[in-house]
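Undergrad: I have a structure here, written as structure tokens, and I will follow up with some questions on it.
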Amino acid sequence: MSYYYKYNFVSPEVVFSIVKEELKSYFDTGAVDDLLFPTYLDKCLRKLGRATYPIKEYPLYIEDFQARLPDNFYAVREAWMCAEIPLGSYQGANSFYSQAVSSTTIQIAPVVINGVPCTSPNCTSGCDECMPEIAQAVYKTNYAVERCFQQQYLLKPGNISAKSNCDLEYGQAWQTYGQNPGASAIDSFDIRDNKFVTNFRNGVVHLIFYVTDFDNDGSQLMPDNYRIKEYVEAFIKYKVFETLFNQTNDETFNQIEKKMMLYKQMSDEAFVMADIEIKKQTVSQKLRNLKKDLNRFNRFQFPSGANSTGRKRNN
């Protein structure tokens, strides 16, 4: 079972606006610009690690040992081999409300019911006067979700050589058993050429992976976390003064150097706080760890009987 915490991701335009407003004089004179802001943001997220990237789930249908990865794929978190096992269906949580049943279609303006227009001159707000036998109703539709796949075991990352690049001649046994001869293990997978390569010919893989999401302006989304936002803001300010330090401007060398070193120190301190923040345990993780510690020595307990202390499993 996979446990992970999902951040809320927001656009970084708010952080970019704060930097440009607080350093307004430098941007108004044209000494610096915001062209490299998305690059600086990407550096911050990569330095903090994969915890700052959104996590998505996607089913991969393997055909001939491989499947194409999604376009926003960044890295694999978990890859589960699934088996086709008929399971009971369950009702979806969402509902669809409409004013039309399958055999009736109602057009609101102009009012057309089953292809018959409402032509009465007294009909201004509806079809009650010209078509009294038609009753408008609201229909609620729920869908059932069918389940036919079940997670079996976790795949391991490994090296799988492409058959076209193999120098060794293999027999026909691998075609009979349906396994890739270049795999390092029977349950391994590999990422190559934007494809998910496995050791089995056909199947379904439940992929849990990190993605790169962007807003409407093309900026990469960032976690909605105070410490992470503070680190991104401090790092961008440091890079702005580093740019000013490497070019000619009205301020003296010592003034620009002191500002650059000040914001570099603030950036390093903000990184430490952000790194501590993303490594903190959530409430659910703390509860699971407490239960795990309580149940650690359960296997050494005496069976129920005269010498039993009466202690039960701490579930």
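Just so it is clear, none of the values below were taken in a lab; they were calculated from the coordinates. The shown structure was predicted, so the numbers you read here are calculated from the model rather than taken from an experiment. Glycine also receives a Cβ, built like all others from the backbone with ideal geometry; neighbour counts cover every protein chain displayed.
Undergrad: With 10 angstrom as the radius, rank PHE241, PHE200 by how many other C-beta atoms surround their C-beta, starting from the fewest.
TA: Ascending Cβ contact count within 10 Å gives the list PHE200, PHE241.
Undergrad: Give me CYS82, CYS44, CYS148 sorted ascending by neighbouring Cβ count inside 10 Å, so fewest comes first. Show your work: numbers first, answer last.
TA: Numbers: CYS82 18, CYS44 22, CYS148 12.
Final ranking by Cβ density, sparse to dense: CYS148, CYS82, CYS44.
Undergrad: Additional query: Give me the net charge for the shell around THR29: Cβ to Cβ below 12 angstrom, other residues only, Lys and Arg +1, Asp and Glu -1.
TA: Neighbour charge sum, excluding THR29 itself: -3.
Undergrad: Sticking with this one: Would you list which aspartates and glutamates come within 20 Å of LYS6, measuring only between C-alpha atoms, while excluding same-chain residues fewer than 8 positions from it?
TA: Excluding near neighbours in sequence, the set is ASP42, GLU57, GLU78, ASP213, ASP215, ASP224, GLU230, ASP275, GLU277.
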